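A short write-up of the structure that comes next.
The values are calculated or read from the model by the stated rules, or taken from the named source; none is laboratory data. Values in this document were obtained by computation on a predicted structure and should not be read as measured data. In this analysis, Cβ positions are derived from the backbone assuming ideal geometry, glycine residues included, and neighbour counts consider all displayed protein chains. Ligands, DNA and RNA are stripped out before the accessible areas are found, and what is left, the full protein with its side chains, is counted by its heavy atoms. Shrake-Rupley method; radii C 1.70, N 1.55, O 1.52, S 1.80 Å.
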Amino acid sequence: MTKDDAMLTGRYRIASAAAVVLGIALILLSELGGVHEVRVFGAGLISLGGIGLGVLAGLDQPRRAEWLAWVRDRRVALGMIAALVSVAPVVVAFAAALVVLPAAMGEGRSGMALLGGLIALLMLMASVGCFVLAVRAIRRAARPVTPGSPAEAGEEAA
Amino acid sequence: MIPTREILWNITALGPILLYTLMAIPFVFLAYGLARRVRMWRQGQPENRFDQLGRRLWHAILMTVLHGRIVRRRNRFGGLMHLAIFVGFVTLFIGTVIVMIEADITVPIFGVSFYRGDFYLVYKAVMNLAGLLLIGGSLAALYRRYVRRPATLETTGDDVVILAFLVVLGVQGFAVQALRMAVTDDPWGPWSFVSYPMALTLSALPESWLRAIHVANWYIHFLTNFVFLSYVAYSKMIHPFTSFANVLFRRLKPVGALDPIENIEEAEVFGAGKLEDFTWAQLLNVDACMHCGRCLEYCPTFSTGKPLRPRDVVLELAGYMADRGGIFSGELGQGENSARYRWGAGPDRALIPDVVSPAELWDCTTCGACMAQCPVYIEHVPLIVGMRRHLVLEQGEFPEEVTSVFTNLERLGSPYQFPPNQRAAWTKRLDQPVPEMAEVAARGEEVEILFWVGCLGSFDSRNQRTTVALARILQAAGIKFAILGKEESCTGDPARRIGNEYLAQMMAMQAVETLNTYNVKKVVTACPHCFNAIKNEFPQIGGNYEVIHHSQLINQLIAEGRITLDPNSALARGAVTYHDPCYLGRYNGEYDAPREALAALPGLELREMRRNRNTSFCCGGGGGRLFMEETRGTRINQARVREAIDTGAELLAAACPFCMTMFEDGIHGVGAEESFKVLDIAEIVAGSMITPNGADGAKEHGAAESEGAAPESAERPE
């Protein structure tokens, strides 16, 4: 990268960051000041600024940034927390639906309520099942990479 | 009362503030990952793939958005499953954008609302259907991976995490809707046919509870979406971008033509010995793989337990590229029962043999089954041949058996140790003489067609019978033809596929020079490898001819009534199965002519093998494998012969000398010599032909010789 390119990239980076900051300011103005007309512009600036920052970093020389290493080292724990947090509210919702199902069936629309309970049960099962599978997959991903040459692996396969 | 709903119901100002502010994060992650990939692709060599953009764009839409290659008869479950996920996801995305347009543009800026009335009702129903498709498709994918477990599919952590994300996102959407409707008692609720029954059930809960659970679900739903979007660029979920790009920038040249090394005399790099030696489009190729395993379904090496699995070669390259490119995805891509993906194992390994092994490279038959099946047009064969070129031309490493092939090609112009002046020895078996082009030219005459005999057809005793049969057909039809005789040489096909591009170009240039000397316009050949080389690769060096395969010509002669077939011929009875040669079928799209020629014999009953036409299973002889020992796994030719025998046919019809050689060996290998035989289409037709002199064609061709008559000519070439 030439000096001019580096300078240009630096300027784009500043412009992108400024777009994000300005976008956030517009969103605050929209929601706290009631000026909803500017919300779309705020969202647009945040999106464009984010894309700009990402593209500029992505096209730059690969760097093993410390924060990336931190994320990488804790990816299993982070993944499991994320899985738990994403599933917990729907589990609560569907479990609550099943708990109140008898009461709901007594309110005159028992057939529909029963159907609702059944759908809730299926969705609960799908959510919990996916959570379990995802946690297993994330734990498995933490296994150390198997050493060995592809030829050895290939010959074993053969 | 007009049907509509309150957008951001039960959400305070904090909701949109967080929603829009945090939106920067997934955009940064997504853009970073995509840019990182583009940067990786740009490490490759330049290549122009920006021509014919309209055609490219339409094809990319057809093949990816419209699922042209994804939903196929043989992959109906997987294809429809993918279609359901795709339609569900895209519809829900569009639905979200519609709500944003209403809430952020049309209402606040123009004071106009379109999210109401009939549109709103239909929208609700469509979104519910899309949610069902998304969840159903994702669950079907999990079922396929955990219950059906096709042998070609390997489940990685990444696959599971993505599917779990999709299911949970869909479920969250329904939960948020049901919780809202449970409180608002939405009169148009039944249009949300999935959420509505749940809303009725949930309505038994106290309102404060419903509101609290709704808020929690709303926030977690958008945060899950953001985490998912952030994950996209570092996982297989990048495939909507990479697949589309890969199909958009796919190679438009004939699939049978390998790209030559340009200006080879002055080239400094031969083939691909490191990642940067591939073109940028090839690097995009390997990045586009989503390890669906379709390339393995008809792969002869995978089916016979050899080290080469085309998918794994691509993934090994992709993992290596990700390591070197600084993308920190990888470990989630490690297969559950395979040590073959060493993603994240470090960028400092050598491409060959650390990332891709020579065994993998040498096992490929270049049959193209992988490329024909790949839904995103990954071209495995050029990748493999590129690495072979490096091994042969830069490292001098190749299977020992190939040494004599190279030597013979250089010295004698054919892979075999026969002098060129024996090329026309087979003509002595014909009653009528076959002129050579030199004689024809000397007489100042012209011929209608040049018969390119090929090396196997010239020297191999078994394939000479096909050559003789074809010559008899041409003579019977009254076609004025000639051969090159001792002036014919190899087209360079085996050398090129083995990776000796230098020798291949030398052979090809010699052949083109000879053909151009005689101003040849039309060529017929019984060898699909020669056919492919002359038709698709000779134009690269100025050789432009009309090339037809002998099965096409025979079919045409039958249709025109220029040869007459005897329906009572000994060869025209019983069940026959036809094997599609890879270089005729998959590479050049000719499936019908050989079948139609066989169908002209009403006594023959054509039975198809399980794998036929573009899913045909290779004989094992392509890519130079004819000249190499098959030391790993079981034998490909025997697998194919068994498949042919399983049809109940007694006769295997071939249309390629490579296949003929492999099947003769295969029939011996499975011990079926007594009950099963292989004949070329030309032999079957010539053997069933009513000849002008009344000779018994069947005896002259397949029938007599298959009953044990000794071959008349040279021994099998070594």
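Please give every one of the lysines within straight-line cross-link reach of B:K253, meaning a C-alpha to C-alpha distance under 29 Å, and leave out same-chain neighbours fewer than 8 residues apart.
Straight-line reach from B:K253, under 29 Å: B:K236, B:K274, B:K521, B:K522, B:K535.
Nothing charged except the Cβ atoms of Lys and Arg (+1) and of Asp and Glu (-1): what's the magnitude of the dipole of chain B about its Cα centre? Round to the nearest 20 debye. Numbers along the way, then the final one.
Numbers: 67 positive and 76 negative charges, 448 e Å.
Taking the Cα centre of chain B as origin, the dipole is about 2140 debye.
Mind checking which of B:H550, B:V107, B:F226 is farthest towards the positive end of chain B's charge dipole, using Cβ charges of +1 (Lys, Arg) and -1 (Asp, Glu) about the Cα centre?
B:V107
Which three extents, in angstrom, do the Cα atoms of chain B have along their principal axes, listed largest first?
Principal extents (largest minus smallest coordinate, Cα): 100, 58, 48 Å.
Would you kindly calculate the translational diffusion coefficient of segment B:1-127, applying Stokes-Einstein with the Kirkwood radius from alpha carbon pairs, for 10 °C and a viscosity of 1.306 mPa s, and quote it in µm² s⁻¹ without decimals? Numbers along the way, then the final one.
Numbers: Rh = 19.0 Å.
Taking Rh from Cα pairs, D becomes 84 µm²/s.
Quick one: accessible surface of B:H67, probe radius 1.4 Å, all protein chains present, in square angstrom to the nearest 10.
10 Å²
Any idea what the alpha-carbon Rg over 2.2 N^0.38 Å comes to for the protein assembly as shown? Present the calculation step by step, with values, prior to reporting the outcome.
Numbers: Rg = 32.7 Å, N = 876, 2.2 N^0.38 = 28.9 Å.
The protein assembly as shown yields a ratio of 1.13.
Based on the Cα atoms of segment A:3-63, what semi-axes does the equivalent ellipsoid have, where each is the square root of 5 times one gyration tensor eigenvalue, given in whole Å with the largest first?
On the way: eigenvalues 164, 20, 10 Å².
They are 29, 10, 7 Å, listed largest first.
Determine the order of B:D312, B:D118, B:D51 by accessible area, beginning with the largest, at a probe radius of 1.4 Å. Could the numbers behind the result be given before it?
Working: B:D312 0, B:D118 120, B:D51 55 Å².
Sorted by accessible area, descending: B:D118, B:D51, B:D312.
Tell me which of B:L606, B:A644, B:T634 sits at the most positive position along the dipole axis of segment B:587-652, charges placed on C-beta atoms (Lys, Arg +1; Asp, Glu -1).
B:T634
Quick one: work out Rg over Rh on the C-alpha atoms of segment B:581-685, Rh as Kirkwood radius. Working shown, then result.
On the way: Rg = 13.3 Å, Rh = 14.1 Å.
The Rg/Rh ratio comes out at 0.94.
Ordering B:Y591, B:Y120 by how much accessible area each has at a 1.4 Å probe, largest first, what is the list?
Details: B:Y591 35, B:Y120 0 Å².
Ranked list, largest accessible area first: B:Y591, B:Y120.
With the Cα gyration tensor of segment B:122-221 in hand, convert its eigenvalues to equivalent ellipsoid semi-axes via √(5λ) and list them largest first in whole Å.
Values: eigenvalues 197, 45, 19 Å².
Rounded to whole Å, the semi-axes are 31, 15, 10.
What per residue convex hull volume, in Å³, do the alpha-carbon atoms of segment B:14-241 yield?
Details: hull volume 42.4 nm³, N = 228.
So the per-residue Cα hull volume is 186 Å³.
Can you quote the Å³ per residue value for the convex hull of the Cα atoms in segment A:69-141, rounded to an integer? Please report the intermediate quantities before stating the final value.
On the way: hull volume 4.6 nm³, N = 73.
That works out to 62 Å³ per residue.
Kindly rank B:237-245, B:577-585, A:42-50 from highest to lowest mean number of other beta carbons found within 10 Å of each residue.
Numbers: B:237-245: 19.8, B:577-585: 27.9, A:42-50: 22.1.
By packing density, highest mean first, the sequence is B:577-585, A:42-50, B:237-245.
At a probe size of 1.4 Å, how large is the accessible area of B:E436, to the nearest 10 Å²?
40 Å²
For the protein assembly as shown, give the magnitude of the charge dipole about the Cα centre (Cβ charges: +1 Lys/Arg, -1 Asp/Glu; no others), in debye to the nearest 20. Mind showing how you got there, number by number?
Details: 81 positive and 87 negative charges, 591 e Å.
I would put it at about 2840 debye.
Any idea what Rg and Dmax come out to for segment B:403-706 if you just take the C-alpha atoms, in Å?
Taking only Cα atoms of segment B:403-706, I get Rg and Dmax of 18.2, 55 Å.
If each DSSP helix of 4+ residues adds -39,500 (n - 2.57) and the sum is divided by the residues in the protein assembly as shown, what number results at 222 nm, nearest 500 deg cm²/dmol?
Working: 37 runs with 467 residues, N = 876.
Rounded to the nearest 500, the figure is -17000 deg cm²/dmol.
Using the Cα centre of chain A as the reference point, and only Cβ charges (+1 on K/R, -1 on D/E), how large is the resulting charge dipole? Debye, rounded to the nearest 20. Working shown, then result.
Working: 14 positive and 11 negative charges, 53 e Å.
Magnitude of the dipole: close to 260 debye.
Taking chain B as the reference, fit the longest principal axis to its C-alpha atoms, fit the long axis of helix B:636-646 to the helix C-alpha atoms, and give the angle between the two in degrees, 0 to 90, nearest 10.
Long axis of B:636-646 versus the principal axis of chain B: about 90 degrees.
Against the longest alpha carbon principal axis of chain B, how many degrees, from 0 to 90 and to the nearest 10, is the axis of helix B:380-389 turned?
Compared with the principal axis, the helix lies near 60 degrees.
When N counts the residues of chain A, how does its alpha-carbon radius of gyration compare numerically with 2.2 N^0.38 Å, as a ratio?
Output field value: 1.67.
Roughly how many Å is it from the Cα centre of segment B:151-221 to that of segment B:34-70, as a whole number?
So the separation of the two Cα centres works out to 36 Å.
Sort B:L391, A:L78, A:L26 by accessible area with a 1.4 Å probe, largest first. Mind dumping the intermediate values first?
On the way: B:L391 5, A:L78 75, A:L26 40 Å².
Output order, biggest surface exposure first: A:L78, A:L26, B:L391.
Taking the DSSP beta bridges in chain B as the whole, what percent of them are antiparallel, to the nearest 5? Display every interim value, and only then the final one.
Details: 3 of 24 bridges.
Around 10 percent of the beta bridges assigned by DSSP in chain B are antiparallel ones.
By what distance, in whole Å, do the Cα atoms of segment A:52-103 stretch along each of the three principal axes, largest value first?
Cα spread of segment A:52-103 along its principal axes, largest to smallest: 62, 26, 9 Å.
Taking the full set of protein chains and a 1.4 angstrom probe, give the accessible area of B:T631 in square angstrom, rounded to the nearest 10.
Ignoring ligands and nucleic acids, B:T631 comes out at about 110 Å².
Within straight cross-link reach of B:K124, meaning Cα distance under 17 Å, which aspartates and glutamates are found once same-chain residues fewer than 8 apart are removed?
B:E6, B:E102, B:D185, B:D186
Can you give the mean number of other chain Cβ atoms that lie within 10 Å of the Cβ atoms in peptide B:413-423? Each step should come with its number before you reach the end.
Numbers: counts 0, 0, 0, 0, 0, 0, 0, 0, 0, 0, 0.
Per-residue shielding by partner chains comes out at 0.
Within 10 Å of each Cβ in peptide B:354-366, how many partner chain Cβ atoms are there on average? Round it to a whole number, please. Please list the in-between numbers first.
On the way: counts 3, 2, 3, 7, 3, 6, 4, 0, 0, 2, 0, 0, 0.
Across B:354-366, the average partner-chain Cβ count within 10 Å equals 2.
For segment B:432-497 and segment B:626-692, what is the separation of their Cα centres, given in Å?
Comparing the Cα centres of segment B:432-497 and segment B:626-692, I get a distance of 23 Å.
What aspartates and glutamates could a cross-link reach from B:K306, if we take a straight Cα to Cα line under 16 Å and drop same-chain neighbours fewer than 8 places away?
Hits, sequence-local ones excluded: A:E152, A:E155, A:E156, B:E297, B:E360, B:D363, B:E629, B:E630.
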